[in-house]
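As structure tokens, the structure follows; a few thoughts come after it.
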Amino acid sequence: MTPLTCLALAIHFEARSEPLDGQAAVASVVLERVAMERYPDTICEVVFQRKQFSAFNNGIPAIRDQRAWETSRHVAQMAMDDIRGVSPIQGATMYHADHITPYWADHYEYLGQVGSHVFYGAND
């Protein structure tokens with residue numbers, strides 16, 4: 001699987017109903033993690049790291065909406081081409097849906113909300 005496909009899968013299954021900037025913010029989280037030592041070194045390894053992105057906890061779901069899939073691929077390509085310029089949130093390594101509060105949220109720096117996702121960065 002190519003890095004573009006892996007990133008598009010993360011965008012599609014984690015944020016396809018979000019506005020484009022929300023999808024780009026999710027892509028940015030994956031790319032930020034790739035750049036950090038404590039996460040895997042490739043986009044695919046980050047996306048499929050065990051229990052990191054809930055969409056893949058039980059494997060890769062089937063793509064049912066081809067139009068949304070093409071949008072996800074487009075956003076993934078834009079993010080890969082311009083890592084810093086596409087996302088409205090910079091430095092985020094974690095996020096969650098706004099209707100939940102995970103146990104780890106207090107351990108990271110709040111960076112903002114885009115659409116229905118809340119983004120955090122490391123408290124370094």
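The values are calculated or read from the model by the stated rules, or taken from the named source; none is laboratory data. Keep in mind that this is a model prediction, so the values were computed, not measured. We place every Cβ from the backbone using ideal geometry, glycine too, and count neighbours over all the protein chains shown.
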Given (1) at pLDDT 95 or above; (2) surrounded by fewer than 18 Cβ atoms within 10 Å (Cβ to Cβ); (3) touching a Leu at 6+ places or on another chain (Cβ under 9 Å), index of the condition Glu45 fails: (3)
Considering only residues of the stretch 80-124 that are in contact with a helix residue (DSSP H, G or I) (Cβ under 8 Å, 6 or more places away or on another chain), assigned to a loop (DSSP other than H, G, I, E, B) and among the β-branched types (Val, Ile, Thr), which is surrounded by the fewest Cβ atoms within 10 Å (Cβ to Cβ)? Ile83
Name the one entry in Ala62, Ala92, Ala76 that is within 22 Å of Ala122 (Cα to Cα) and among the aliphatic types (A, V, I, L, M). Ala92
When only residues in the stretch 48-79 that are surrounded by fewer than 17 Cβ atoms within 10 Å (Cβ to Cβ) and polar (S, T, N, Q) count, which is farthest from the chain's Cα centre (by Cα)? Gln66
Which pairs do you get when a residue that is outside any helix (DSSP H, G or I), found in the stretch 21-37, comes within reach of a residue that is surrounded by 19 or more Cβ atoms within 10 Å (Cβ to Cβ), reach meaning Cβ atoms under 8 angstrom, with the pair 6+ apart or on two chains? Met36/Thr93
